[in-house]
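Here's the structure, in structure tokens; my notes come after.
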Amino acid sequence: MSELSLRRRRVGLPTSAADELRREHRRTRWSRLALAAAAVALLAGAYALSRDLHALPTSYFATGSGGVVVLDLSSSIDAQKSQRVQRVLQSLAETEGRVGLVVFSDSAYEMLPPDTRSEELRPMLQFFSGGPAPPRGFGFGRRGDRTVPQGPPRVESPWSLAFRGGTKISTGLAEARQVIDREGNHSLSVLLLSDLDNSGFDTSALTQELVSYDRDGIRLRVIPLFPAPEDRQLFSRVAGKDVFVDRAELLRNTTVRETLTLVGSSPWALVCVGALLLALLALNERWCARLTWGRAA
């Protein structure tokens, strides 16, 4: 073997004081092993803590990555129900997510595809501030022989003339399922906003549609818009009680004003573990640095 190869394989400097440095060498080795073991333990702890973080989705969807909103625009959606719709849409618009929108009454159509930025919902908020605008010729009362408007005029929405019929929830859910099938992503959730005042002729079709959701693994959540008790009970029997967004989650999400997809409590335990890991790395650099020397003073 050449002398050049031997030089490349050397890992230290030849010295006649090896025995004198043996104790320091042993101490450095054990220090490095102890610090490495502690660093691995802290990394494992940080990983465990990160998995236990309870982040709160502000978009109502399962993964916080987006989904399809199915919105009831039938004639039974009054001012009070519209205000709840506005709050929900506003909370969705203020998150940096992706969302699709399907609107329905007795028929349904896709208004926004699922890859739409959620902020695109903002222009729609004005149409829900005081409830949907009534059709032309309606919304007037009589005082003697004189016709006067009842309250301030509302902003007429683009769909006020298109959706005058009853409620067929199956049409909205079917349209959302077809959208998800087209996208080829069954991890997308569906969020239904409706007063559940469904047509009795739609019960069979709605049941079949819910069976299709279960078959395809599509997660459905429902925000009820002040439904009648009998309508809520009927939907609970068909879809199950767990499908409803509870009041606590609804209030929590509609009060979020952060432009973030996820919010949660401060992970102080994870912060402390990270700080300890940084301190450990600093000690490693301090105690286990390479040997240096200089000229004697």
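List of remarks:
- Among the residues making up segment 243-259, those that are more than 15 Å from the chain's Cα centre (by Cα), in a helix (DSSP H, G or I) and at pLDDT below 85 are Arg247, Ala248, Leu251.
- Note on segment 121-233: enclosed strands (runs of 3 or more DSSP E) holding 3 or more residues that are at pLDDT below 90 and either over 25 Å from the mean Cα position of the chain (by Cα) or not β-branched (Val, Ile, Thr) (or both) are 140-143, 146-149.
- Pairing residues of segment 72-85 that are in contact (Cβ under 8 Å) with a residue 24 or more places away in the chain with residues that are assigned to a loop (DSSP other than H, G, I, E, B) and hydroxyl-bearing (Ser, Thr, Tyr), at Cβ distances under 7 Å and at least 6 apart in sequence or on separate chains, gives Asp72/Thr167; Leu73/Ser105; Ser74/Ser105; Ser74/Thr167; Ser76/Thr167.
- Residues that are out of contact with any Leu (no Cβ under 8 Å at 6 or more places or on another chain), more than 26 Å from Gly166 (Cβ to Cβ) and surrounded by 16 or more Cβ atoms within 10 Å (Cβ to Cβ) do occur in segment 212-227, at least one of them.
The values are calculated or read from the model by the stated rules, or taken from the named source; none is laboratory data. Owing to the predicted nature of the structure, the values given are computational and were not obtained by experimental measurement. Don't worry about glycine lacking a Cβ; one is built from the backbone with ideal geometry, like all the others, and counts go over all protein chains shown.
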